[in-house]
1. Can you name the residue in region 28-87 that is touching a Pro at 6+ places or on another chain (Cβ under 9 Å) and of a type in the set (A, V, I, L, M) and is also farthest from M1 (Cα to Cα) among such residues?
2. Taking F27, is it open to solvent by 20 Å² or more (accessible area, probe 1.4 Å) and under 25 Å from R73 (Cα atoms)?
3. What is the number of the single condition among (1) over 22 Å from the mean Cα position of the chain (by Cα); (2) loosely packed, with under 11 Cβ neighbours inside 10 Å that S87 does not meet?
4. If W106 satisfies all but one of (1) under 18 Å from the mean Cα position of the chain (by Cα); (2) open to solvent by 90 Å² or more (accessible area, probe 1.4 Å), what's the number of the condition it fails?
5. Determine, yes or no, whether L15 is aliphatic (A, V, I, L, M), within 30 Å of V84 (Cβ to Cβ), in a helix (DSSP H, G or I) and in contact (Cβ under 8 Å) with a residue 40 or more places away in the chain.
6. Report every pair of residues separated by at least 6 positions or lying on different chains whose Cβ atoms are under 9 Å apart, first residue within region 23-43 and closer than 18 Å to Q69 by Cβ, second charged (D, E, K, R) and surrounded by 15 or more Cβ atoms within 10 Å (Cβ to Cβ).
7. Which condition number does V14 fail, the rest of (1) exposed (fewer than 11 other Cβ atoms within 10 Å of the Cβ); (2) within 17 Å of the chain's Cα centre (by Cα); (3) more than 20 Å from V3 (Cα to Cα) being met?
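The values are calculated or read from the model by the stated rules, or taken from the named source; none is laboratory data. Not measured: the values here are computed from a predicted model. Cβ sites come from the backbone with ideal geometry, for glycine too, and all protein chains shown count toward neighbours. Note: areas computed on protein heavy atoms with side chains; ligands, DNA, RNA excluded. Shrake-Rupley method; radii C 1.70, N 1.55, O 1.52, S 1.80 Å.
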Amino acid sequence: MKVFIKLSSAVYHVLLAFHPPDVRRSFGSEMADTFARQLADAWTEERLAGVVHVWSLTLLELTSIALPQQLARPAMTVPAASLVATSALFFSLLWAFEHSLVLNAWYHGILGGGRH
């Protein structure tokens, strides 16, 4: 189990990058130590169910606290908007490739097939 805790701690250190820089500087090492202790205690008390619970709380914190704080930073506004727009375009193109008959029918029915 010690290997799993070390591996999980290494992954957690990577996830700390998603927290704002001031939070990482002030509390990063304490957060990492607390996470490792919580994992060890969870394994001792509840085995796998406890470890899953600690990870679920960690991921919940990441998505509900860390990422919104990062996105609220002015330096992150443009990259975040770019990521959202690019993702929307990518998935729209995937949909279009899979539904070419729908697009063809829409083009001919609504737009008149390009006739002027």
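1. Per the stated criteria, the residue is A72.
2. yes
3. (1)
4. Every condition holds for W106 apart from (1).
5. Numbers: aliphatic (A, V, I, L, M): yes; within 30 Å of V84 (Cβ to Cβ): yes; in a helix (DSSP H, G or I): yes; in contact (Cβ under 8 Å) with a residue 40 or more places away in the chain: yes.
So L15 passes the test.
6. These pairs meet every condition: M31/R24.
7. Unmet condition: (3).
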